[in-house]
Amino acid sequence: MVQVNPYLNFNGKCREAMEFYRDCLGGELYLHKLGESPMAAQMSSASADRILHSHLFNGAYTLMASDMMGTRLEPGNSITLCLNCSSDAELFEYFAKLGAGGKIILDLHQTFWGSTYGELKDKFGMQWMLSLQKR
């Protein structure tokens, strides 16, 4: 079954915000720093502590977030819809349909964290991340 989750973007305040949300809402918080990823060598050492990806989960909800990387935070790009798919067929179908008339930002590809992943902006300007976690 497909699931849609909000994906929040922060400008260097992701850890603080997600710890606040965890304290308010409960759940398990996972934080992945940029400096611990394969992309670390491509970024400045000042970016090492920025959050590449965080995930707050309690069974009833999933909230994801990161620090903005290379993009200025402004109204309209502070939230992305993340579509977590349950099959390859679902992933490719939704990516094609949501991308029709829009703009592909990142083609579907295999990631270092084990997902098939891609990003697009639909014809209405909404940003989407589509993912299939291989288990």
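What to note about this one:
- Contour excess over end-to-end distance, with Cα ends at SER78 and GLU90 and 0.36 nm allotted per residue: 1.7 nm
- Taken over segment 11-70, the ratio of Cα radius of gyration to 2.2 N^0.38 Å equals 1.16.
- Least to most buried among ASP88, ASP122 (fewest other Cβ within 10 Å first): ASP88, ASP122
- Unit charges on C-beta of K, R, D, E only; dipole of segment 11-70, Debye: 100 debye
- Over segment 82-135 - Rg/Rh using Cα atoms and the Kirkwood inverse-distance radius: 0.96
- 12 Å beta-carbon shell around LEU83, net charge (K/R +1, D/E -1): -3
- Cβ-based charge dipole, segment 11-70, positive-most Cα from GLY27, PHE57, ASN11: ASN11
- CD proxy at 222 nm, helix term only [per DSSP H run n ≥ 4: -39500 (n - 2.57); per residue of the chain; nearest 500]: -5500 deg cm²/dmol
- The chain - Kirkwood radius from inverse mean 1/r over Cα pairs (Å): 15.6 Å
- Taking the Cα centre of the chain as origin and assigning +1 to Lys and Arg Cβ atoms and -1 to Asp and Glu Cβ atoms, the resulting dipole is close to 180 debye.
- Each residue of segment 96-110 was assigned a 3J(HN,Hα) from its phi angle through the Karplus expression (A = 6.51, B = -1.76, C = 1.60, θ = phi - 60°), giving 5, 5, 5, x, 4, x, x, 9, 6, 8, 9, 4, 4, 7, 7 Hz with x at Gly and Pro.
- Cα→Cβ-extended label distance, 7 Å offset, between ASP122 and PHE20, nm: 2.9 nm
- Largest GNM mean-square fluctuation across LEU25, LEU91, LEU81, computed for the chain with C-alpha springs under 10 Å, falls on LEU25.
- Cα centroid separation - segment 1-60 against segment 107-124, whole Å: 17 Å
Since every read-out is calculated from the coordinates, none of them should be taken as a lab result. Because the structure is a prediction, the values reported are computed rather than measured. So basically every Cβ, Gly included, is an ideal-geometry build from the backbone, and we count neighbours across all protein chains shown.
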